[in-house]
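Working notes for the structure below.
All of the numbers you see were taken from the coordinates with simple rules; none came from a lab. Just so it is clear, the model here is predicted, and its values are computed rather than measured. Methodologically, a virtual Cβ is constructed for each residue, glycine included, from the backbone with ideal geometry; neighbour enumeration extends over all protein chains shown.
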Amino acid sequence: MELRGKQKRFLRAMGVNMDPILTIGKDGVSEHTITQADGVLNTRELIKGRVLTSAPEGVADIATAIATATESEVVQVVGRNFLLYRPNLQEPKIDLP
């Protein structure tokens, strides 16, 4: 899956008012975090995560690690937050332009 620029802009606009679902701290990316992200992506398709300053890696590295493990795509990394997207092919929730 490769999102086009228009689709990423659409998803970024949706993510502005979202609260972070995932919080990554000093333990970094764990199996529990990946399982949680995977489950929420099945339900919501777009999730926002927050990386605390105590995390062992940078925000972009953590977002990429979770995206790789959940077969999703990093939509945006801004400050300490990131957005991930994975379409639900059986029950789509977001209709991309």
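Points to keep in mind about this one:
- Cβ-derived FRET efficiency at R0 22 Å, residue 95 paired with residue 42, nearest 0.05: 0.80
- A simple spin-label model places the labels of residue 2 and residue 54 4.0 nm from each other, with each point 7 Å out along Cα-to-Cβ.
- Listed values (i) 21, 15, 11; (ii) 24, 16, 11; (iii) 30, 16, 12, entry calculated as semi-axes √(5λ) of the Cα gyration tensor in Å: (i)
- GluC sites (Glu not before Pro) restricted to the range 12-85 and DSSP loop, no more than 10 other C-beta within 10 Å: 71
- Fewest-first ordering of 53, 33 by other beta carbons within 10 Å of each residue's beta carbon gives 53, 33.
- Aspartates and glutamates with Cα under 15 Å of residue 8, excluding same-chain neighbours fewer than 8 positions away: 45, 73, 95
- Considering only beta bridges that DSSP places wholly inside the chain, some 75 percent are antiparallel.
- The chain: relative contact order as a whole-number percent, Cα under 8 Å and 6+ apart: 32 percent
- For the chain, the longest piece that avoids every one of the trypsin sites (Lys or Arg not before Pro) found in DSSP loops with at most 13 other C-beta atoms within 10 Å covers 27-92.
- Built amide H within the under 5 Å cut-off of residue 75, gap 5+: 83, 84, 85
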